[in-house]
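What follows is a single structure, written as structure tokens, with notes after it.
Derivation of every value follows stated rules applied to the coordinates shown; laboratory data play no part. This one's a predicted model, so the numbers in the text were calculated from it and none came from an experiment. Quick reminder, even Gly has a Cβ in these numbers, built from the backbone with ideal geometry, and neighbours come from all protein chains shown.
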Amino acid sequence: MGVTTIAFLGDVVGTPGRRVFRRAVQDLRDVHGVELVIVNAENSKNGSGLTPDQYHELREAGADAITLGDHWAKESKIFQVLDDPKEPACRPANLSSRAPGKRWTMVGNSPVAVVTVLGRLYNITMPSNDPFECVDSVVAEIVAARPDASVIVEVHAEATSEKIAMAWYCLKQWGGRVVAVVGSHTHVQTADARLLDGRLAAMTDLGMCGSRRSVLGRDVDKVLQVMVQQRPIAMDVCDMEATATGCILKIDTDARRAVSIAPFSVTPPG
Ligand SMILES: [Fe+2]
Ligand SMILES: [Fe+2]
């Protein structure tokens, strides 16, 4: 198959996030030659969760695989999608084996697989199991099912250190199998995209698809009332300067290595 160009977009936040995702995918495919699109959709439902309708909306807009994070179970109707082997969607892998949903998924019809693990550092809202042990067991499972697979690991976590550590861990334990380790959850894109040892693509956080004039996609004034005045009010999603950020990966799926990784940011006019 040779080199495949893949875009991985950060967390979709609410209606503006879903709208800018659609616009960004057009750009990524038309201008940047992107062939496959992966997106974390954990905040699609007004900032928390993903409904089946929103899942299908994102698929129709061009998502070839959809991942989730700590908000994976906020909308329980999504479980039927996550359980369906035909739907390219997965929950975080390092949860109970009895939790609904798949631990990994293939991306479109390609030999690329994606798995998401939750981090543990500074994690007070996402009870989860050891992400490193989990990567070992999930990648072994992927290899058994798809010996041709190149694996992308998404680390949905607060701490930059834990995400960078996971990238090095995957290079040392699974080099030649895991081709990229990218982070999500902070909604803030980082400027550290690079190749480790020239073959594993790494980036600490993809950022988000959502309003840039905001606090992580939520209304500035509402967040300030909560943080400055300690008022217990809802921090609504806002619709100001919707922007999509993430990375573009070039993966050699024959050699099972990354060729390049670059950040992108798309702010459509209007
Ligand atoms: Fe998250
Ligand atoms: Fe998020």
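Taking the criterion of being within 16 Å of ligand 2 (Cβ to nearest atom), in contact with a helix residue (DSSP H, G or I) (Cβ under 8 Å, 6 or more places away or on another chain) and under 15 Å from Ala244 (Cα atoms), the residues of region 22-46 that qualify are Val39, Ala41, Asn43, Ser44. Among residues of region 4-19 that are within 22 Å of Leu249 (Cα to Cα), those with a beta-carbon under 9 Å from a residue that is surrounded by 24 or more Cβ atoms within 10 Å (Cβ to Cβ) and charged (D, E, K, R) at least six positions away or on a different chain give the pairs Phe8/Glu154; Gly10/Asp205; Asp11/Glu42; Val12/Glu42; Gly17/Asp11.
Answer yes if at least one residue in region 71-84 is more than 16 Å from ligand 2 (Cβ to nearest atom), out of contact with any Gly (no Cβ under 8 Å at 6 or more places or on another chain) and not in a helix (DSSP H, G or I), and no otherwise. Yes, some residue in region 71-84 is more than 16 Å from ligand 2 (Cβ to nearest atom), out of contact with any Gly (no Cβ under 8 Å at 6 or more places or on another chain) and not in a helix (DSSP H, G or I). Looking only at region 95-142, residues that are within 30 Å of Val34 (Cα to Cα), buried (at least 19 other Cβ atoms within 10 Å of the Cβ) and small (Gly, Ala, Ser) come to 4 in all.
Residues that are touching a helix residue (DSSP H, G or I) at 6+ places or on another chain (Cβ under 6 Å) and within 16 Å of ligand 1 (Cβ to nearest atom) within region 47-65 comprise Gly47, Leu50, listed in sequence order. Against the conditions (1) in contact (Cβ under 8 Å) with a residue 60 or more places away in the chain; (2) buried (at least 21 other Cβ atoms within 10 Å of the Cβ); (3) closer than 20 Å to Ser110 by Cβ, Asp148 satisfies every one except (2). Restricting Ser184, Ser150 to residues that are more than 14 Å from the chain's Cα centre (by Cα) and among the polar types (S, T, N, Q) narrows the list to Ser150. Residues in region 68-96 that are farther than 20 Å from Leu206 by Cβ and among the hydrophobic types (A, V, I, L, M, F, W, C): Ala73, Ile78, Phe79, Val81, Leu82, Leu95. Of the residues Met166, Met227, Met235, the single one that is in a helix (DSSP H, G or I) and surrounded by 20 or more Cβ atoms within 10 Å (Cβ to Cβ) is Met166. Picking from residues in region 47-63 that are in a loop (DSSP other than H, G, I, E, B) and surrounded by fewer than 22 Cβ atoms within 10 Å (Cβ to Cβ), the one that is farthest from ligand 2 (Cβ to nearest atom) is Gly62.
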